């Protein structure tokens, strides 16, 4: 188990989060204006069972590292809340599009430390019940799939762990329709 009081641990976490964000931008071929959904269990990062030991400090460190990379690429990040808020999302208002806003403020106890950090860290944060993101990062088994567009394609990142938490990533692509005689735009694959 990690002791989060040590700055080197926090630097390790920030570096791993930054690396994962840079990798998904590159491997998913994300472009300006697209959205990445991120689910993050700070409990799992610290080596504990998901939902048992939320860490405000870890939530802030991971949010800051991811947000800097995504914002630098013009990519929107949607922070997924925990199951206590039905996996609602925190996102910048300008990225919300036509999705219906909901009224909730995530806290470490209801929403999770990462979502709470996003609500505080975004310049104009709002909450949504759902989105259809272009890609996603799941840190610690938070189950982000419900917020990805169809069709989801798994990505294997070199950054397989952030702290003690497994990292799973995905991108999406348009559906292929029409069968054997159809032709497809290979740049969308």
Would the range 1-108 count as rounded, prolate or oblate if I go by the C-alpha gyration tensor, calling it rounded below 1.5 in a/c and otherwise prolate when a/b exceeds b/c, oblate otherwise? oblate
How much of the DSSP beta bridge set in the range 82-159 is antiparallel, as a percent to the nearest 5? 75
Can you bin the range 84-189 into rounded, prolate or oblate? Criterion: square roots of the alpha carbon gyration tensor eigenvalues sorted a ≥ b ≥ c, rounded for a/c under 1.5, prolate for a/b above b/c, oblate for the rest. oblate
Expressed as an acute angle from 0 to 90° and rounded to the nearest 10, what is the orientation of the C-alpha long axis of helix 7-27 relative to the principal long axis of the chain? 0
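Could the peptides 58-64, 158-164, 73-79, 38-44 be put in order, highest first, of the mean number of other beta-carbon atoms found within 10 Å of their residues?
38-44, 58-64, 73-79, 158-164
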To the nearest 0.05, the calculated FRET efficiency linking residue 186 and residue 15 through their beta-carbon distance, R0 being 35 Å, is 0.50
Using just the C-alpha positions of the chain as equal point scatterers, what log10 of I(q)/I(0) does the Debye formula give at each q in 0.08, 0.11, 0.12 1/Å? -0.24, -0.44, -0.52
Can you tell me the orientation of helix 56-72 relative to the chain, as the angle in degrees between its alpha-carbon axis and the longest Cα principal axis, to the nearest 10? 30
With runs of 4+ DSSP H residues as the only contributors, calculate the mean residue ellipticity of the chain at 222 nm using -39,500 (n - 2.57) per run, divided by the residue total and rounded to the nearest 500. -8500 deg cm²/dmol
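Run through the DSSP bridge list for the chain and note the antiparallel percent, rounded to the nearest 5.
60
Each value in this text was obtained by applying a stated rule to the coordinates, not by laboratory testing. What you see is a predicted model, and the numbers here were worked out from it, not measured in a lab. All Cβ positions, even for glycine, are placed from backbone atoms using ideal geometry, and neighbour counts span all protein chains on display.
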